[in-house]
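We did not get these values from a lab; they are worked out from the coordinates using the rules stated. Values in this document were obtained by computation on a predicted structure and should not be read as measured data. All Cβ positions, glycine included, derive from the backbone under ideal geometry; neighbour counts span all protein chains shown.
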Amino acid sequence: MKRAALVLSCAMSSVLLMPAAHALDGITVQIGESSESTTTYRLGAQFEFGRTLWQSDSGGVRLDGYWDAGVTRWSSLDATSLSLTPMFRLSFGTSDGGITPFVEGGIGASYFTETDLDDQDLGSKFQFEDRLGVGLRFNNGSEVGARYYHYSNAGIKKPNNGIDMAALYYRVSF
């Protein structure tokens, strides 16, 4: 338990590394399906890193990122999860091209209100959130995409059945 609290504290403390004046950059709405065949609903808030981490010489490929804070409702499992995940995005194409495809991924921390989710026993309320996604960003800043999530406590506490989710989302940027 102490180990889980330490890991969660470190993950949540990283929020303090974001500039205090950093404004909300986007909101996502998402609908998905879990590995336990339950519908999930997620609302997220994104905070851009504010700088490009890497760019190809031609400028056509770019690595940047954002913090994503979200709340997910696992409908028939009667559970809710809160998450904070740093996301890294590799974009292909220039922003003036109209539509920019991208791939993204990140590993963050999440807190579940329940540990027994149907046939899955998460073992602890603290879970790591592993996320992979693909999408399209439009020149007006909105996005559509698909994501795969895996939640697991990484063996911090037994059992560690974990749970997965696949989802479609829409993002509006500010």
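The number of residues in the stretch 104-154 being buried (at least 20 other Cβ atoms within 10 Å of the Cβ), of a type in the set (Gly, Ala, Ser) and touching a Gly at 6+ places or on another chain (Cβ under 6 Å) comes to 2. Considering the stretch 49-74, the residues that are part of a strand (DSSP E or B) and without any contact (Cβ under 8 Å) to a residue 24 or more places away in the chain include one that is surrounded by the fewest Cβ atoms within 10 Å (Cβ to Cβ), namely Trp54. When residues of the stretch 107-133 are filtered for being of a type in the set (Asp, Glu), within 27 Å of Gly65 (Cα to Cα) and in contact (Cβ under 8 Å) with a residue 40 or more places away in the chain, how many remain? Residues in the stretch 107-133 being of a type in the set (Asp, Glu), within 27 Å of Gly65 (Cα to Cα) and in contact (Cβ under 8 Å) with a residue 40 or more places away in the chain: 1 in total.
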